[in-house]
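J.: Supplied in structure tokens, the structure appears directly below.
The values are calculated or read from the model by the stated rules, or taken from the named source; none is laboratory data. Here the structure is a predicted model, which is why all the values come from computation and not from measurement. Positions of Cβ are backbone-derived with ideal geometry, glycine not excepted, and every protein chain shown enters the neighbour counts. We work out accessible area using only protein heavy atoms, side chains counted, and drop any ligands, DNA or RNA first. Shrake-Rupley method; radii C 1.70, N 1.55, O 1.52, S 1.80 Å.
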Amino acid sequence: MKAWIGRLQSLPREARDTLFVLLLVAWIVLPQVPYLPLWCSALVAIVLIFRGWLALGSRALPGRWWLAGLLVLAVFATRRSHGTLVGQEAGVTLVVSLLALKTLELRARRDALVVFFLGFFTMLTGFFESQSLLRAAAVLVGLLGLLTALINAHRPVGLPSLRESAGLALRMTLAGAPVMLALFLLFPRFAPLWGMPSDSATGRSGLSSSMAVGSVAELALDDGIALRVRFEGAPPPQAALYFRGPVLSRFDGRNWTAAGGGDGFDAALGPPPRDLRVAGAPIDYEVTLEPSRRPWLLTLDAAPQAPDLPPHWRARQSPDLQWLSARPVTELLRYRARSYTDFSYGQAGWDGQPRRDLGRFLELPAGYNPRTLELAETLRRQAPEGDAGTLIEAALQRLRDGGYRYTLEPGVYGRDSADEFWFDRKAGFCEHIASAFVVLLRGAGVPARIVTGFQGGELNGVDGYWTVRNADAHAWTEAWLAGRGWVRVDPTGAVMPGRVGQAQRLRAAPGLVASALGAWSPNLLTRLRATWEAIDNGWNQWVLSYTQDRQFGLLRWLGVAEPNWQDLGRVLAGLLALGALGAAAWAAWERSEHDPWLRLLERARRRLRRLGLAVPAQAAPRQLAQLVSDPAQAGRLPPALRSALADWLIALERQRYDPAASRNGPTLATLGRVFRHLPWPRPS
């Protein structure tokens, strides 16, 4: 290892700088790898390794024809992967490919500048997929690295230390931070121009407007966050935390789909129900919804009024009580809502008259699940005439007493999934249970359908938010009862009561690290995750969800009675003007020197002039060393100072122009400290 480190330290500057740039490119591209085509990630890795091999051996770069051929292949592969050369995903793939290929013609500073600015652009494209705190931290590290490389490229003389360039980059970033903060807080947000563009045609994992038996079980393995909820008062009990999503009523034997089909925008089209009745105390809460690229606005059952959305967002309610937005949720969305857990609806149709459309909630595909239909007929005969409630209770009792199990791994269901659940496997996840239950009810003449969404959640004791994960995805049923309308029936609770009442979840087996931490301290991993998620939620609430309303609230706090975007512009312009004046004053104080080595040399010149020596304006370190060593010109200085100062000046020269001394000798910071502690004469 020491030999390898020594070899790196002995590299010529061109090789060292090239390897640093290649590491930066790898860091910038790494977060993009999960979203890039496999060939693109492989191309980047091969090109960077090959370019590093060329730099280590000081070998010649490939010719223009090789680069042209690779470029054509990259464009062709992008076209094959995405079906187009335009659009967000194709554009990101092309930019990443160009960034990697550009390193193969990294010959001059001009080429390096192109790589740097492509790197800046590539970093920004990462926010298309994620705007999390971790992604922001990775971008900040990449930003400092690119600034370091940019500063290093503008120091062409000698072998400047990358540490010094990094320090200067950090100081520049800190100097620009107040301007960045002012722009973030006060720059007017004009929706929909202000926001992150996204390809709404590309879906993300999560709820869907269709459900195949077994699909929700896949979500149970996803511990990602779907939404966060903050209740204004005491939260409702776990058993009442049903966040409503798509309602599925069509069944083809394998898949359940929403009434309108499609991608959710046209699902269950129609006016909201007129007969929604609510009772009891309202529950007021705030939802922070993660991007889903779907139009669904998750609310607790049931929300009679539209959620309070940010400006330029509109919501509508479907006949099935589901709230939807007019456009997909492609960014973090925060809204307030009011719900009532005690409600009833669905007794009448959209026109207020008795329902005439219940027949579609009895439809079943012909030739499927014959044994379930026989069981349904048996239950129907045993129940009193027209007493659907007794029939439903009999079906639930069968689930409680029949040896049925709640599991993530029930095996692969075949053609007659309901038959297999009721008679063969007797095991399934919530969608197996709900699907078989609805088939049974429909076979017995009870209108029924499936509702998907999320059930439960967990309280984060650090920030007080309820966290609802993809693992909390759930499917339950609604049955239509005369005189009551649609009534929630959750058959999963009959199989595993803890799933609904105590929010017990089926979890995948923990990994090696999680198992080790759990054995050492059972609650450590839980506490660490709660702390991190609270920090990440703070990022979401105060950065990603910083809206125009919060901007106006800031102005009201500053004393503006009725703020508008013109007030934002005036305050921002005033702050920028003050910042510009401060920068001008700093520039005047700093003069025109930006090279720390030249600045240190100029300090030595000024000190010698104050001591009475005739120092030329552009005197080099060696010339100054000769000057202070000459008794005829510097005889008034103490001998100890003359000797130490001459040695210091020679060390300063070597630090700049001797590669070995630059690597192994004192740094500029060390030389600066030595200069301050030389035996200078006290002022008289």
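J.: Has the stretch 293-306 got at least one residue that is surrounded by fewer than 22 Cβ atoms within 10 Å (Cβ to Cβ) and under 22 Å from the mean Cα position of the chain (by Cα)?
T.: Looking through the stretch 293-306, at least one residue is surrounded by fewer than 22 Cβ atoms within 10 Å (Cβ to Cβ) and under 22 Å from the mean Cα position of the chain (by Cα).
J.: Can you name the residue in the stretch 433-477 that is under 24 Å from the mean Cα position of the chain (by Cα) and of a type in the set (Gly, Ala, Ser) and, of all such residues, is surrounded by the most Cβ atoms within 10 Å (Cβ to Cβ)?
T.: Ala473
J.: Next up: When you scan the stretch 436-449, do you find a residue that is assigned to a strand (DSSP E or B) and farther than 17 Å from Ala258 by Cα, even just one?
T.: Here is the first cut: in the stretch 436-449, the residues assigned to a strand (DSSP E or B) are 448-449.
Still in the running and farther than 17 Å from Ala258 by Cα: none.
No, the stretch 436-449 contains no residue that is assigned to a strand (DSSP E or B) and farther than 17 Å from Ala258 by Cα.
J.: Got a number for residues in the stretch 109-157 being more than 20 Å from Leu36 (Cβ to Cβ) and not in a helix (DSSP H, G or I)?
T.: 4
J.: Suppose the filter is in a strand (DSSP E or B), under 26 Å from Val489 (Cβ atoms), in contact with a Leu (Cβ under 7 Å, 6 or more places away or on another chain) and modelled with pLDDT of 85 or more; does Leu227 pass it?
T.: yes
J.: Does Arg59 count as open to solvent by 100 Å² or more (accessible area, probe 1.4 Å) and in a loop (DSSP other than H, G, I, E, B)?
T.: yes
J.: Then there's this: Identify, please: which residue in the stretch 620-633 is surrounded by fewer than 20 Cβ atoms within 10 Å (Cβ to Cβ) and among the aliphatic types (A, V, I, L, M) and is, among those, farthest from Pro681 (Cα to Cα)?
T.: Checked the stretch 620-633; the qualifying residue farthest from Pro681 (Cα to Cα) is Ala620.
J.: Check the stretch 508-529 and report whether any residue there is under 30 Å from Gly386 (Cα atoms) and either surrounded by 14 or more Cβ atoms within 10 Å (Cβ to Cβ) or at pLDDT 80 or above (or both). Full working, then the answer.
T.: If we filter the stretch 508-529 for residues that are under 30 Å from Gly386 (Cα atoms), which is where we start, we get none.
No.
J.: Regarding the stretch 158-173, can at least one residue be identified that is within 30 Å of Asp567 (Cα to Cα), modelled with pLDDT of 85 or more and outside any loop (DSSP other than H, G, I, E, B)?
T.: yes
J.: Same structure, new question: Residues that are among the charged types (D, E, K, R) and touching a Ser or Thr at 6+ places or on another chain (Cβ under 9 Å): which helices (runs of 4 or more DSSP H) entirely in the stretch 634-679 hold 3 or more of them?
T.: Counting at least 3 such residues, we get 639-657.
J.: Let me ask you something else. Take the conditions on the phi > 0 side of the Ramachandran plot and surrounded by fewer than 13 Cβ atoms within 10 Å (Cβ to Cβ) and apply them to Gly574. Does it pass?
T.: Working: on the phi > 0 side of the Ramachandran plot: no; surrounded by fewer than 13 Cβ atoms within 10 Å (Cβ to Cβ): yes.
Judged against the criteria, Gly574 is not a match.
J.: Follow-up question, since we're still on this one. Look through the stretch 349-366, keep the residues that are touching a Gly at 6+ places or on another chain (Cβ under 8 Å) and open to solvent by less than 60 Å² (accessible area, probe 1.4 Å), and return whichever of them is modelled with the lowest pLDDT. Let's see the steps before the verdict.
T.: Of the residues in the stretch 349-366, the ones touching a Gly at 6+ places or on another chain (Cβ under 8 Å) are 350, 355-357, 362, 364-365.
Keeping just the survivors that are open to solvent by less than 60 Å² (accessible area, probe 1.4 Å) gives 355, 357, 364-365.
Values: Arg355: 70, Asp357: 76, Leu364: 92, Pro365: 91.
Taking the candidates together, the pick is Arg355.
J.: Considering only the stretch 440-491, state which residues are modelled with pLDDT of 90 or more, out of contact with any helix residue (DSSP H, G or I) (no Cβ under 7 Å at 6 or more places or on another chain) and among the acidic types (Asp, Glu).
T.: Answer for the stretch 440-491, where residues must be modelled with pLDDT of 90 or more, out of contact with any helix residue (DSSP H, G or I) (no Cβ under 7 Å at 6 or more places or on another chain) and among the acidic types (Asp, Glu): just Glu478.
J.: Is one or more of the residues making up the stretch 325-341 surrounded by 18 or more Cβ atoms within 10 Å (Cβ to Cβ) and free of Cβ contacts under 8 Å to residues at least 40 places away in the same chain?
T.: Yes, that holds for at least one residue.
J.: Can I ask one more? When you go through Gly6, Gly57, Gly52, Gly83 one by one, which is the residue that is at pLDDT 90 or above and out of contact with any Phe, Trp or Tyr (no Cβ under 9 Å at 6 or more places or on another chain)?
T.: From the options Gly6, Gly57, Gly52, Gly83, the qualifying one is Gly52.
J.: Can you find a residue in the stretch 468-482 that is assigned to a helix (DSSP H, G or I), closer than 15 Å to Arg398 by Cβ and in contact with a strand residue (DSSP E or B) (Cβ under 9 Å, 6 or more places away or on another chain)?
T.: The answer is no, given that none of the residues of the stretch 468-482 is assigned to a helix (DSSP H, G or I), closer than 15 Å to Arg398 by Cβ and in contact with a strand residue (DSSP E or B) (Cβ under 9 Å, 6 or more places away or on another chain).
J.: Quick one: Ala614 ticks every box in (1) modelled with pLDDT under 85; (2) surrounded by fewer than 15 Cβ atoms within 10 Å (Cβ to Cβ) except a single one, so which number is it?
T.: (1)
J.: Filter the stretch 670-684 down to the residues that are within 29 Å of Pro156 (Cα to Cα) and open to solvent by 60 Å² or more (accessible area, probe 1.4 Å) and list them by number.
T.: Arg673, Val674, Arg676
J.: Just name the residue that is surrounded by the most Cβ atoms within 10 Å (Cβ to Cβ) out of those in the stretch 276-292 that are modelled with pLDDT of 90 or more and under 19 Å from the mean Cα position of the chain (by Cα).
T.: Leu289
J.: Let me ask another. As an exercise: evaluate Leu601 against (1) free of Cβ contacts under 8 Å to residues at least 60 places away in the same chain; (2) surrounded by fewer than 16 Cβ atoms within 10 Å (Cβ to Cβ) and give the number of the one condition it does not meet.
T.: All conditions pass for Leu601, except number (2).
J.: Right, something else. Being in contact (Cβ under 8 Å) with a residue 24 or more places away in the chain and more than 21 Å from Arg599 (Cβ to Cβ) is the filter; apply it to the stretch 635-651 and report the residue that is surrounded by the most Cβ atoms within 10 Å (Cβ to Cβ).
T.: Checked the stretch 635-651; the qualifying residue surrounded by the most Cβ atoms within 10 Å (Cβ to Cβ) is Leu637.
J.: Ala108: under 21 Å from Ala68 (Cα atoms), at pLDDT below 90, open to solvent by 40 Å² or more (accessible area, probe 1.4 Å) and not β-branched (Val, Ile, Thr), yes or no?
T.: Here the answer is yes, as Ala108 does meet what is asked.
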